[in-house]
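In what follows, a structure is listed as structure tokens, so that the remarks can point back to it.
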Amino acid sequence: MNFFITGTDTRVGKTFVTALLIRASRKAGFDTVGMKPVCCGDRGDAELLRAAANGAAELDDINPVWFRTPAAPYTASMIEHRMVDLDAIRERFAKLRKTHRSLLVEGIGGWLAPIRRDYFVGDLAAELGLPVLVVVPNRLGTLNHALLTIRAIQSSGQQCAGIVFNHTDAPADDVAAATNRSMLEDLGGVPILFEIEKDQRELVFAIA
């Protein structure tokens, strides 16, 4: 199982979902590890991915580029006066692909979050060559953000393998939350592969 995991925005549950998928895949018999190429602010996301894989990869392999500024990578790089080291990302990605059968790469922010002035998250995904999963939070505004992301992936010639539908804190009587899944199934054009319930701690699936 090898995927690039993006989201419709920041704070939609990408790390939570990626960690769930790592644990489920490892329970199914694969030596899956995660990668968070760039962290901004702290390395908490990378540390969660490392813990999900029981420490099977080193933190600096999981997260080769770290900025202390909590902003988009390009913004953080301008503030800290150093560019994102794309070669370091490429080298660590190649190392993890060589040493592990299964790799999940978690993106930074949304599909067009800038990594460099002329290089975005979608460009990194294209370079790594993995099919893309989109984490979609179940809340008002989801349809617009999800469809924009899916179409951007497809228009770049990349494979959008499916949606991970992540439930959030929408109230029980929220019409959007009650209808988002059916609308995405009708309009999205890609399958909903997983539906994650609020506070879910385990995901079980079989891998052929």
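Values in this text are rule-based calculations from the coordinates and carry no lab data. All values reported here derive from a predicted model rather than from experimental measurement. Positions of Cβ are generated from backbone atoms using ideal geometry, with glycine treated the same way; all protein chains shown enter the neighbour counts.
Using 0.36 nm per residue of separation minus the Cα-Cα distance, give me the extension gain between GLU47 and GLU127 in nm, one decimal.
Extra length available between GLU47 and GLU127 comes to 26.4 nm.
Shown here is the pair-distance distribution of the range 1-113: with all Cα-Cα distances grouped in 10 Å bins from zero up to the longest one, the shares run 15, 50, 30, 5, 0 percent.
Full extension of the chain between ALA178 and ASN144 yields a length gain of 10.7 nm, computed as 0.36 nm times the residue separation minus the alpha carbon distance. Listed by chain and number, the lysines whose alpha-carbon sits under 21 Å from that of LYS95, ignoring those within fewer than 8 places in the same chain, are LYS36. When only the Cβ of Lys, Arg, Asp and Glu is charged (+1, +1, -1, -1), the dipole of the range 84-190 relative to its Cα centre reaches about 460 debye. Subtracting the Cα-Cα distance of GLU91 and GLN154 from their residue separation scaled by 0.36 nm leaves 20.0 nm.
When each of the peptides 152-158, 131-137, 107-113 is scored by how many other beta carbons lie within 10 Å of its residues on average, the order from highest to lowest is 131-137, 107-113, 152-158.
Ranking of ARG116, ARG139 by neighbouring Cβ atoms within 10 Å, starting from the fewest: ARG116, ARG139. Mean residue ellipticity, 222 nm, helices only, the chain: the sum of -39500 (n - 2.57) across DSSP H runs of n ≥ 4, divided by residue count and rounded to 500, is -12000 deg cm²/dmol.
For THR10 and LYS98, a Förster radius of 30 Å and the Cβ-Cβ distance give a FRET efficiency of 0.50, rounded to the nearest 0.05. Of LEU48, LEU187, LEU59, the sequence from fewest to most neighbouring Cβ atoms within 10 angstrom is LEU187, LEU59, LEU48. Between VAL135 and THR6, GLY7, THR8, VAL164, the built amide H atoms are under 5 Å apart, and every one of these is 5 or more places off in sequence or on another chain. In terms of surrounding Cβ atoms within a 10 Å radius of their Cβ, THR10, THR142 rank from fewest to most as THR10, THR142. Relative to the Cα centre, the charge distribution of the chain, modelled as +1 at Lys and Arg Cβ and -1 at Asp and Glu Cβ, gives a dipole magnitude of about 440 debye. Relative to the longest principal axis of the Cα atoms of the chain, the long axis of helix 86-99 makes an angle of roughly 70 degrees.
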